[in-house]
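K.L.:
Below is the structure I would like to discuss, written out as structure tokens.
The numbers here are math on the coordinates, done by the rules we state, and not lab data. Every value quoted in this text rests on a predicted model; they were computed, and no experiment measured them. Cβ atoms come from the backbone with ideal geometry, glycine included; neighbour counts cover every protein chain shown.
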Amino acid sequence: MDKSASNATGVLGGTFDPIHTGHLRLAWEAKSRLSLDFVRLVPCHVPTHRESPDTTAKHRLTMAELACIGVPGFEVDNWEITRNDPSYSVSTLLHVREQIGDAAQLVFIMGMDAFNQFSNWHEWQTILTVAHLWVAHRPGNKLPEDDTTEYQLLQQLQCPADELKTCPAGKIHVHETTALDISATKLRQQIAEGITPRFLLPDAVWAYIQQNKLYGYRNENRSND
Ligand code: ATP
């Protein structure tokens, strides 16, 4: 791979069970605002005993791939999912950094809910030497409390989006993201209850769920799905 500064890359990890419009819009806003060349969607490893019987890693990966078709710069990275053990984000980001080179901007995309736990993450200090953080703030998310490490990190490292373009890693931008009240948990429940989730996720993903009867989908008497 060409290791040049034109490899500006965003990384969004998630269970993606299933991937939905909330994830895609989050990734798109970071890509578009920062003029990133690529965004990698990284489905995470989930131990077999914790998965629903339907949703294998292969299904989650395929749905993420379907969601990226026709979206410029969106890619799926199967690095975590092909490992036997759950991967730490720091390892995933080091793997991406190795591929894109030291000079390229690397942006780790996450929701404020995830950022609020950031100082509990494995080797979080290393993460900040490898990548910037793009933290999506949505109405209803709580901001870090004054006495937390996360609050201190925002005091020290928060900057406007354009400043993330000036160096490869180490800054934090909080982005007021488009509020889409979609969650994979709710989608799984709706599908099991016979509620059609069309337009909350890409059509190709919905078709795949129907074809593979995921999340308890049953097609009897549902010709209008
Ligand atoms: P689940 O309901 O199964 O926990 P989820 O929909 O929250 O799943 P994850 O795969 O856990 O999805 O999320 C991956 C990332 O996407 C997280 O950083 C999370 O904050 C973010 N995210 C999830 N849903 C939305 C949404 N509707 N809008 C913006 N960001 C979202």
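K.L.:
Kindly state, to the nearest 0.05, the FRET efficiency for Ser91 paired with Arg25, given R0 = 22 Å and r defined as their beta-carbon distance.
P.N.:
That pair, Ser91 with Arg25, gives E of 0.25.
K.L.:
To make sure I understand the rule: partners must be lysines, Cα under 17 Å from the Cα of Lys171, and not fewer than 8 residues away in the same chain. Which ones qualify?
P.N.:
Counting by Cα, and skipping residues close in sequence, Lys171 has these lysines nearby: Lys31.
K.L.:
For Trp206, Trp79, what's the fewest-to-most ordering of other Cβ within 10 Å of each Cβ?
P.N.:
Exposure proxy ranking, most exposed first: Trp79, Trp206.
K.L.:
Considering the options Gln156, Ile100, His173, tell which one lies farthest towards the positive end of the dipole of the stretch 9-183, charges being +1 on Lys and Arg and -1 on Asp and Glu at the Cβ, about the Cα centre.
P.N.:
Ile100
K.L.:
A further question on this structure: Among His59, His95, His132, which comes first, then next, by fewest other beta-carbon atoms within 10 Å?
P.N.:
In increasing order of surrounding Cβ atoms, one gets His95, His59, His132.
K.L.:
Please check: in the Gaussian network model of the chain (C-alpha springs, under 10 Å), which one of Pro139, Pro18, Pro202 has the largest mean-square fluctuation.
P.N.:
Looking only at Pro139, Pro18, Pro202, the largest GNM fluctuation is found for Pro139.
K.L.:
How large is the direction-averaged shadow of the alpha-carbon convex hull of the stretch 1-136, in nm²?
P.N.:
In nm², the orientation-averaged hull projection of the stretch 1-136 is 8.1.
K.L.:
When the dipole is taken about the Cα centre of the stretch 9-183, and only Lys, Arg (+1) and Asp, Glu (-1) are charged at their Cβ, what size is it in debye, to the nearest 20?
P.N.:
Charge dipole, the stretch 9-183, about its Cα centre: 300 debye, nearest 20.
K.L.:
A follow-up question, please. Within a 10 angstrom radius of the beta carbon, how do Cys44, Cys167 rank from fewest other beta carbons to most?
P.N.:
So the ranking, lowest neighbour count to highest, is Cys167, Cys44.
K.L.:
For Lys186, go through the lysines and keep the ones whose alpha-carbon is under 23 Å away, minus same-chain ones fewer than eight residues off.
P.N.:
Leaving aside lysines fewer than 8 places away in the same chain, those within reach of Lys186 are Lys58, Lys142, Lys213.
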